1. Roll a 1.4 Å probe over the protein chains and send me the accessible area per residue for the protein assembly as shown in Å².
2. At A:GLU14, with labels set 7 Å past Cα in the Cβ direction, how many nm apart are the copies from this one, shortest first?
3. Using only DSSP helix segments of four residues or longer, with each worth -39500 (n - 2.57), what per-residue ellipticity at 222 nm results for chain B after dividing by its residue count and rounding to 500?
4. For segment B:1-73, go through all pairs of different Cα atoms, get the mean of 1/r, take its inverse, and jot down that Kirkwood value in Å.
5. At 7 Å along the Cα-to-beta-carbon direction for both B:ALA106 and A:ALA127, put a label point, then send me their distance in nm to one decimal.
6. Can you give the mean number of other chain Cβ atoms that lie within 10 Å of the Cβ atoms in peptide B:134-141?
7. Shielding by partners for A:75-87, please: the mean number of other protein chain Cβ atoms within 10 Å of each residue's Cβ.
8. Within 10 Å of each Cβ in peptide B:117-130, how many partner chain Cβ atoms are there on average? Round it to a whole number, please.
Protein chains: 2
Amino acid sequence: MGRWQPNARGRLAEAALALYSERGYEQTTVAEIAGRAGLTERTFFRHYADKREVLFDGSGALQELFVDAVTGAPRSAAPIDALAAGLAAICPMFADRREHARRRQAVVMANPELLERELIKLASLSATLADALRRRGVAEPAASLTAEAGVAVFKVGFERWTAAGEERELSQVLQESLTAFRAVAAGGRADSAPRTGPAAP
Amino acid sequence: MGRWQPNARGRLAEAALALYSERGYEQTTVAEIAGRAGLTERTFFRHYADKREVLFDGSGALQELFVDAVTGAPRSAAPIDALAAGLAAICPMFADRREHARRRQAVVMANPELLERELIKLASLSATLADALRRRGVAEPAASLTAEAGVAVFKVGFERWTAAGEERELSQVLQESLTAFRAVAAGGRADSAPRTGPAAP
DNA sequence: CATGCGATGTCAGGCACTGCCATCACGTAG
DNA sequence: CTACGTGATGGCAGTGCCTGACATCGCATG
């Protein structure tokens, strides 16, 4: 047996989520997280850059899956359809993890500092997606706008999935969000009433 | 004459932008900002909640302008057109302020902590816009997605405006971004080539 | 056994931010 | 004119996040 217990990183992440849930993010000190994981504060900061990052371990893998799927979509696919392929690719990552996602989502939404970190992760995803789209030949500002749209669909869909019942699959909710988005952008009223005239900025 | 120099808040904001530009955000201490404004560190924190907030004084007014215009759009206007009215309403706020916007933009983009704050301000704007749209009768998830789209158009357009020459007006750039966005969401290739088949998530 | 290496611990310190109390000019009641 | 309340500020101590420098310890390799 080694000198140290295995998986220190994972133990820190577990301890942090548990303590943030139990007593709140601000009321939890890094020393307490480290202590619960059987480590010291200094070691916590060797594994995670700061007190927030400990909740965002999987964001790199998510971004990689999403972007690779967009890059690998058929050359004939329109930008919005390449995005759809990316959304489909990340769904397996959350299979059997809805309960974990719910707990994490509750903690993040309850703390502005954590929400800020979540948002910059999504912005990083958006920037990388825009880059992938440009390599597919999409011009600006269409590439950036498409990427932002994809992230918006993911964000809204993911939130609805965590709030939904067990019978609704993530892939299904994301597909619905994408469909609703297409309708809105096309100028639909989204409330079954007829429309009349547009306005210009 | 009063005991204190007037406009302490504004002096702090000016000093902060100047120091963040000159020597960088991380290399600037709050005590230095306060000193440059002829005040103390303690007083800085009475005017601004933290070291980042000092760069976001106008965000409340921006949000108010945007949301009020969406709320006040004709009942007959589709959601996306109400958004266009909001985008038009905020343009005067930046008249003759492009140079200030450029300096601030450069500082914010160069520092992840400041970018996080910028993103949460935009998220707050998005949430308030979604609320305004729901009050107009727009259902979910269309309301949230439309709001996210509006913020995306503003973000992308604003960045392009700060990077553009003096002859391009903000209202013009925002209108172009909105048009590009509509095209992308409709499934356009955005690169003048014909499209073939879509994909589903 | 000697040596290097990797993960951890220990310690000192800077800086962001907060709570508490003091200060001081100004306005106003008496 | 004096006394008192008020609002913006200063001073100071304290907590917690985060970092740099150095020490420790088990393991692998020679």
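1. Per-residue value: 47 Å².
2. From this label point to the equivalent ones elsewhere in the assembly: 5.7 nm.
3. -21000 deg cm²/dmol
4. 13.5
5. 1.8
6. Partner-chain Cβ atoms within 10 Å, mean over residues of B:134-141: 5.
7. What the average comes to for A:75-87 is 6.
8. Mean partner shielding for this stretch: 3.
The values are calculated or read from the model by the stated rules, or taken from the named source; none is laboratory data. From a predicted model like this one, the values you see are computed outputs, not experimental measurements. Ideal geometry is used to build each Cβ from the backbone, glycine not excepted, and the neighbour counts take in all protein chains shown. SASA here: full protein model, heavy atoms, side chains in, ligands and nucleic acids out. Shrake-Rupley method; radii C 1.70, N 1.55, O 1.52, S 1.80 Å.
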